[in-house]
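In what follows, a single structure is set out as structure tokens and then discussed.
The values are calculated or read from the model by the stated rules, or taken from the named source; none is laboratory data. Because the structure is predicted, anything quoted here is derived from the model rather than measured. With ideal geometry, Cβ positions are generated from the backbone for all residues, glycine too; neighbour counts draw on all protein chains shown.
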Amino acid sequence: MRPPSPPVGAGNPARPPDVRTHVSVRRWVFVVLSFAAALGAAAYIARSAVPTGEIPVRLAWWAHAVAATAMALEIGLRALKVSLAGAALGVPFGLWTALRMSLGGDFGAAITPSRTGAEPARFLVLAEAGLRPAGILLVLFAELFLESVSLAIIAVVLLATFGLDGRAPASIAGLIGSYAVAVIGVGIGGWFLARRSASGPPPAWARALGLHAGRWRAVQRALRSLRDGIDGLRHARLGLMAGSLAASVGHIAVRLVILPVIVAGLGAGDVELDRLLTWPLVLLHGGAAAPAPAGGGLIEIAFGAALKSTIPGPIFGAALLWWRTYTFYLYVPLGALAAGATVLRAVRGRSREAPSATEAALRAARPAT
């Protein structure tokens, strides 16, 4: 006779679903608190910029139209970039799938610390579209590589345009370009390492660093993924890959014009255009270093520290609010609508497609200025 089932409690094996639910609830509470902290930081910074009087938030209709158009164009160019990269690598998929992948990645990044949910979400969107894991990893690697090259190109353009007088934005653009070049260099160095050390026991230098056989196997899996990604890029169709790179540069450039448009739409006069273009590049791509979803207020604090002396005080709070709206907050509901259910499955770790070593390699290669 089967013994009766024990009551639900700490010793009941049926308990894990409840525990998983509790973990999920704690995660969502953390997300909500982080978004609240970001909004609270924005409100505090806006109030400190205008200690007395009313804070204007009305933005000219034409500025809304231009900012919304720039946002739509940025999303479209990102989808085009990924779709062209897939076609160039022999992994074709449609623009709608590329759009869902991009917006789903934005949603996954927004609700996870340090944007760690972006790559798993993109992977699962493409997997559910019928792509094979090897092809998906190749597309994701190409996207990260093109993003790094695009950052270097944008940095060179900013240096050539604004860097002749040696002001702070020149050094910032130089830092961005140096980082992008460093990411590319690390990738190439990893490829050479993968050619020699992608199999076999750990070499002496790896053992000296404390990489025992188990850890070295994980490193080797990441190196093999990196090698396969770079090999795939070497055999890509150059015309389509050039189009993908152009779309990548375009989506970054379009996003940078949003803050100058907002500042002009709020009635500001003569402002330093170089700072309005350069600092958003740092904040948008450096946000990956923020350990909390939505940055937990760190993006707003950095915005205040960098641009408080550039944007006039009476409109500073409105500029921050609308800039975050058109570069971050609107992407969250759009991503939820486009691929919300898929993203949540990826964030909860229910995908069995993406190996952990590959995910670690993608995180390591992600541009984080």
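What single numbered condition from (1) surrounded by 24 or more Cβ atoms within 10 Å (Cβ to Cβ); (2) without any contact (Cβ under 8 Å) to a residue 24 or more places away in the chain fails to hold for Pro92?
Of everything listed in (1) surrounded by 24 or more Cβ atoms within 10 Å (Cβ to Cβ); (2) without any contact (Cβ under 8 Å) to a residue 24 or more places away in the chain, Pro92 misses just condition (1).
Which condition number in (1) outside any helix (DSSP H, G or I); (2) free of Cβ contacts under 8 Å to residues at least 60 places away in the same chain is the one that Val57 fails?
For Val57, the exception is condition (2).
Which of (1) of a type in the set (Gly, Ala, Ser); (2) modelled with pLDDT of 90 or more; (3) farther than 18 Å from Ser148 by Cα is the odd one out, the single condition Ala305 does not satisfy?
(2)
Among all residue pairs at least 6 apart or on different chains, which show Cβ distances below 9 Å where the first residue, located in the range 267-288, is closer than 16 Å to Gly304 by Cα and the second is hydroxyl-bearing (Ser, Thr, Tyr) and assigned to a helix (DSSP H, G or I)?
Listed by first residue and then by second, the contacts come to Leu277/Thr161; Pro280/Thr327; Leu283/Thr327; Leu284/Thr327.
Every residue, every condition in (1) within 16 Å of the chain's Cα centre (by Cα); (2) closer than 24 Å to Arg58 by Cα; (3) part of a helix (DSSP H, G or I), yes or no:
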site	(1), (2), (3)
Trp279	no, yes, yes
Gly287	yes, no, yes
Pro291	yes, no, no
Gly296	yes, no, yes
Ala305	no, yes, yes
Ile311	no, yes, no
Ala319	no, yes, yes
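Being touching a residue at least 40 places away in the same chain (Cβ under 8 Å) and small (Gly, Ala, Ser) is the filter here; which residues of the range 110-134 pass it?
Ala110, Ser114, Gly117, Ala118, Ala121, Ala127, Ala134, listed by residue number.
Conditions: (1) crowded, with 21+ Cβ neighbours inside 10 Å; (2) more than 15 Å from the chain's Cα centre (by Cα); (3) of a type in the set (S, T, N, Q). Thr69 meets all but one. Number of the miss?
Every condition holds for Thr69 apart from (1).
Can you tell me which residue within the range 112-167, out of those that are β-branched (Val, Ile, Thr) and under 15 Å from His251 (Cβ atoms), is surrounded by the fewest Cβ atoms within 10 Å (Cβ to Cβ)? Walk me through it before giving the result.
Here is the first cut: in the range 112-167, the ones β-branched (Val, Ile, Thr) are 112, 116, 125, 136, 139, 149, 153-154, 156-157, 161.
In the following step, the residues that additionally are under 15 Å from His251 (Cβ atoms) were identified as 149, 153-154, 157.
Working: Val149: 18, Ile153: 18, Ile154: 23, Val157: 16.
This residue is Val157.
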